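> I have a structure I would like to understand better, so I am pasting it below and will then ask my questions one at a time.
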Amino acid sequence: MKIESGIDPSPAAATPAQNPAQDPVQLSSDRESASKKPWVLDPALLAGQNVVGFGVMNEHVHPFVMLRAALLNHAVVTHQRVFAITSAQAGNGKTHVAANLAATLSRIHPTVLLELDLRQPSLGARLGLPADTPGVDDCLSGEADWADTAIPIEGFDLVVHRVRRARVNAEALLAAPALGQILRQLRGDGPGPICIIDTPPALVSDDLVLIARGIDGVLLVVEEARSRKRDIAEVAGALSPTPIVGSILNNSISQPRSQNTYGYYYREDRDSEPDGPTAAQP
């Protein structure tokens, strides 16, 4: 799997956190989460954050549509549905890819977007989500129920669970029993939503290793001229036996833009909404 798009990392400042609870959280049903009032996204904010997956179909959304198709095919064949998006280093565009992939998936399939980068969360600000509701970090620390962290998105089959504030004790929260219970419910048996998880960079700490124990596979975002082969090999070794099911080339600087008919195919959409979201070009 390959994709080229822009990057706009926006780290948050860390703040002190409480100690995690020792008992697993009490999870509620998907129906309870879905009953909450949907959140309406701001198209202008999304455009400024390069979140194109919710906008009109155009050449900037097309790479994420192709990535969606590959992931859906993999999910059908393997019956897997919980996938982490990560990178070797910070700033390679993992959150950008996670948000846009979840957005395009939710157009045609039930989707959960889960943020587990507890040290540098940015998903809430990137999507313009409310800041005064409980987050995944509150659930992992025993201060909120799982259903309270759900934010359904208006017009899309998408539920977002974002981190409310940065946590300095991220490893303790990720190692607590609550995360394993959440991931087991998301993986489940039988049909269910595909879950996209925005995780910490793989080589910054061991946070991703703690997360990887409960997921089906990893999509690795690599950036040309920045992601080194030895780093990618180190990531694969650290995650084993959790497989890397695909790689995503982000912000390519050497691959020429392919000749295509996007302009013709999406001309009606572009003419009707000329100021829609656009992704930065390499």
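> Could you list which residues have their amide H under 5 Å from that of residue 119, counting only those 5 or more apart in sequence or on another chain, with H placed in the peptide plane?
Residues meeting the amide H criterion: 167.
> How many angstrom lie between the C-alpha centres of region 47-85 and region 122-158?
Taking the Cα centre of each part, region 47-85 and region 122-158 sit 21 Å apart.
> Hey, rough spin-label estimate for residue 56 and residue 231, points 7 angstrom out along Cα→Cβ, what's it come to in nanometres?
A separation of 3.7 nm, rounded to one decimal place.
> In addition: Measure off 7 Å from each Cα along the Cα-to-Cβ vector at residue 184 and residue 47, then give the distance between these two points in nanometres to one decimal.
Taking the simple label geometry, residue 184 and residue 47 are separated by 4.7 nm.
> Kindly provide the trypsin sites (Lys or Arg not before Pro) of region 169-221 that DSSP labels as loop, not H, G, I, E or B, and whose Cβ sees at most 15 other Cβ atoms within 10 Å.
Sites meeting the loop and neighbour criteria: 213.
> How high is the FRET efficiency between residue 205 and residue 78 when r is their beta carbon distance and R₀ equals 35 Å, given to the nearest 0.05?
E(calc), rounded to 0.05, equals 0.80.
> Rank 166, 146, 131 by how far each Cα sits towards the positive end of the charge dipole of region 52-176 (+1 on Lys, Arg Cβ; -1 on Asp, Glu Cβ) and give me just the farthest.
Of the options given, the answer is 166.
> Still on this structure, please answer the following. Would you work out what percent of the accessible area of region 119-186, with all protein chains in place, is carbon or sulfur (probe 1.4 Å)? Mind showing how you got there, number by number?
Values: 1080 of 2220 Å².
So the carbon and sulfur contribution to the accessible surface is 49 percent.
> With θ set to phi - 60° and the Karplus curve 6.51 cos²θ - 1.76 cosθ + 1.60, what are the ³J(HN,Hα) couplings of region 94-99 in order, to the nearest whole Hz, using x for Gly and Pro?
Result, ordered by residue: 5, 5, 4, 5, 4, 5 Hz.
> Output the relative contact order of region 89-187, whole-number percent, from Cα pairs under 8 angstrom with separation of 6+ residues.
It comes to 31 percent, rounded to a whole number.
> Taking a ≥ b ≥ c as the square roots of the eigenvalues of the Cα gyration tensor of region 157-198, is the shape rounded (a/c under 1.5), prolate (a/b larger than b/c) or oblate?
Numbers: a/c = 3.61, a/b = 1.54, b/c = 2.35.
Note, shape of region 157-198 comes out oblate.
The values are calculated or read from the model by the stated rules, or taken from the named source; none is laboratory data. The shown structure was predicted, so the numbers you read here are calculated from the model rather than taken from an experiment. Don't worry about glycine lacking a Cβ; one is built from the backbone with ideal geometry, like all the others, and counts go over all protein chains shown. Remember, those area values only see protein heavy atoms, side chains included, never the ligands or the DNA or RNA. Shrake-Rupley method; radii C 1.70, N 1.55, O 1.52, S 1.80 Å.
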